Amino acid sequence: MNDETREFDVLIVGGGLVGASLALALGRAGLEVALVEAHPLRVNAQPNYDERSLALAHGSRRILDAMGLWPLVSGEACPIHTIHVSDRGHFGFTRLTREDEGVAALGYVLSARVLGNALIEALSGVGRVHLLAPAELRDFRVEGEQVCADLTHEGKALLCRARLMVAADGVQSRVREQLGIATRQWDYGQTAVIANVTPDRPHRNVAYERFTDSGPMALLPRTGDHCALVWTLRSDAVEELMQLDDAAFLARLQERFGFRLGRFRRAGSRYAYPLQLLRARQSTAGRLALIGNAVHTLHPIAGQGFNLGLRDVAALAEVVIDAWRDGSDIGGGAVLNRYADWRRADQRRVVAFTDGMVRLFSQNLAPLVALRDAGMLALDLCPPARHAFGRLTMGRAGRLPRLARGLEL
Ligand SMILES: Cc1cc2nc3c(=O)[nH]c(=O)nc-3n(C[C@H](O)[C@H](O)[C@H](O)COP(=O)(O)OP(=O)(O)OC[C@H]3O[C@@H](n4cnc5c(N)ncnc54)[C@H](O)[C@@H]3O)c2cc1C
């Protein structure tokens, strides 16, 4: 028996970075939104807002700006002026620069914790967003023109009704599972180890992506003198790396990365994340839309997961708000189809690009190594190909939602 019933326009399940961003976009436009999150949504209390560094594409900065979030984080966001991609021990490399792309920065590096805390702060100023946290979705069903969701909120049962429910509940999405939506999944057998490291040469706002025979590593520039390391290894090699003391860890890193940044002097705490690929076959069902990791979970090799999720947010918010303003059904088939059709190509392209990179750079077969190095060199020498690559990594490919063009909703 439910103790209480509440009604909203939109119910979002999952208050990770993607769900919280959608709540902010919809709430600012005037919709009544419930954001349901299993962990407390307080500053420094949500474990998904952790120390991982996110490379935010140029397009994501625009979205965050149009949502009024950028001023809250810009002081901590380090601009990327150059992206340098290379293959350890081989000749191939390519470089993207902000000058070539005609932008102030190719992207920005920011920690998930800073961005998450800013989202919490921004959400607290939007009266139409109701934070239900800690709360958990138990069950849901469609009844007529509403979705009914059974939650546990602060130890009590709560029934929520909404015209649209959005699953932003991450890779293990319970909503996706309950709907029986098929997925394509691939366990790479790889784990990412992240840490902040301090080299003795300034990073000069260069992001390095270096492919090595034991897995790719990225060194992203951070504000101050340090860099964020994302080092991908075979999962069975991670335990040993995690156990090394800092000096041995830095020596191993030096040997893999080389001396482009001089000597590595300090390392912060290390964290490990097992990696997989997931792509759901559908991003909508009756009165339901899936966004973020619930619909696509990527290897972090190309730093695209959150960027792609944020574009889901921008597109879904736009179609929902447009429908709401002209009095249409915000959870109806027309709105959901517009969202699914709009997002299909971008999701497919970024999943294929990321997965292709992981597979290509996991190969040590001589002909494939030669081919990828030739490809990188060709990219470096051919401006149109490089611009196309740049548009993709900057989140500027395809038809852009209003938020991604820097416009208010
Ligand atoms: C090492 C690493 C580096 C990365 N680097 C980058 C990068 O440089 N650039 C980039 O764009 N992306 C990057 N990513 C990807 C990015 O972190 C993710 O794409 C993004 O955080 C996904 O957010 P999400 O909100 O969709 O999912 P999640 O963060 O998984 O959030 C889902 C939320 O739903 C909640 N939840 C689940 N089930 C329920 C339920 N039943 N009831 C209530 N709540 C529920 C969970 O508690 C959780 O808070 C990286 C990822 C990793 C692992």
Residue pairs meeting the criteria (Cβ under 8 Å; at least 6 apart or on separate chains; first free of Cβ contacts under 8 Å to residues at least 12 places away in the same chain, in region 285-313; second more than 7 Å from the ligand (Cβ to nearest atom) and not hydroxyl-bearing (Ser, Thr, Tyr)):
none
Would you pick out the residues in region 1-39 that are modelled with pLDDT under 95 and either within 11 Å of the ligand (Cβ to nearest atom) or part of a loop (DSSP other than H, G, I, E, B) (or both)?
Met1, Asn2, Asp3
Tally, over region 204-226, of residues that are closer than 17 Å to Ser53 by Cα and assigned to a loop (DSSP other than H, G, I, E, B)
6
Tell me, please, whether a residue that is touching a residue at least 40 places away in the same chain (Cβ under 8 Å) and under 21 Å from the mean Cα position of the chain (by Cα) can be found in region 140-158.
no
Name the residue that is surrounded by the most Cβ atoms within 10 Å (Cβ to Cβ), counting only residues in region 279-307 that are at pLDDT 95 or above and aliphatic (A, V, I, L, M).
Ala294
Just need a number here: residues in region 44-59 that are near the ligand (Cβ under 7 Å from one of its atoms), outside any strand (DSSP E or B) and touching a strand residue (DSSP E or B) at 6+ places or on another chain (Cβ under 8 Å).
1
Any idea which of Arg265, Arg281, Arg270, Arg234 is in contact (Cβ under 8 Å) with a residue 60 or more places away in the chain and out of contact with any helix residue (DSSP H, G or I) (no Cβ under 9 Å at 6 or more places or on another chain)?
Arg281
Looking only at region 237-257, decide whether some residue is touching a helix residue (DSSP H, G or I) at 6+ places or on another chain (Cβ under 8 Å) and within 16 Å of the ligand (Cβ to nearest atom).
yes
Only one of Leu11, Leu24, Leu72 is of a type outside the set (D, E, K, R), out of contact with any Leu (no Cβ under 7 Å at 6 or more places or on another chain) and buried (at least 24 other Cβ atoms within 10 Å of the Cβ); which?
Leu11
Does region 201-218 hold any residues that are more than 17 Å from Leu96 (Cβ to Cβ), touching a residue at least 40 places away in the same chain (Cβ under 8 Å) and not hydroxyl-bearing (Ser, Thr, Tyr), and which are they?
Arg201, Asp213, Gly215, Met217
Quickly run through region 255-267 and pick out the residues that are at pLDDT 95 or above and surrounded by fewer than 19 Cβ atoms within 10 Å (Cβ to Cβ).
Gly262, Arg263, Arg265, Arg266
For helices (runs of 4 or more DSSP H) lying entirely in region 76-194, having 3 or more residues that are within 14 Å of the ligand (Cβ to nearest atom) and of a type in the set (D, E, K, R) picks out 174-179
Just checking, does region 88-100 include any residue being among the small types (Gly, Ala, Ser), touching a strand residue (DSSP E or B) at 6+ places or on another chain (Cβ under 6 Å) and in contact (Cβ under 8 Å) with a residue 12 or more places away in the chain?
no
Answer yes if at least one residue in region 325-346 is among the basic types (Lys, Arg), within 16 Å of the ligand (Cβ to nearest atom) and assigned to a helix (DSSP H, G or I), and no otherwise.
yes
How many residues of region 273-309 are in a loop (DSSP other than H, G, I, E, B) and away from the ligand (no atom under 13 Å from the Cβ)? The answer is 4
Just checking, how many residues over region 141-166 are more than 22 Å from Ile291 (Cα to Cα) and in contact with a Leu (Cβ under 6 Å, 6 or more places away or on another chain)?
2
Which numbered condition in (1) buried (at least 22 other Cβ atoms within 10 Å of the Cβ); (2) at pLDDT 95 or above is the only one that Arg270 fails?
(1)
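The values are calculated or read from the model by the stated rules, or taken from the named source; none is laboratory data. Here the structure is a predicted model, which is why all the values come from computation and not from measurement. Virtual Cβ from ideal backbone geometry, glycine too; neighbours counted across all protein chains shown.
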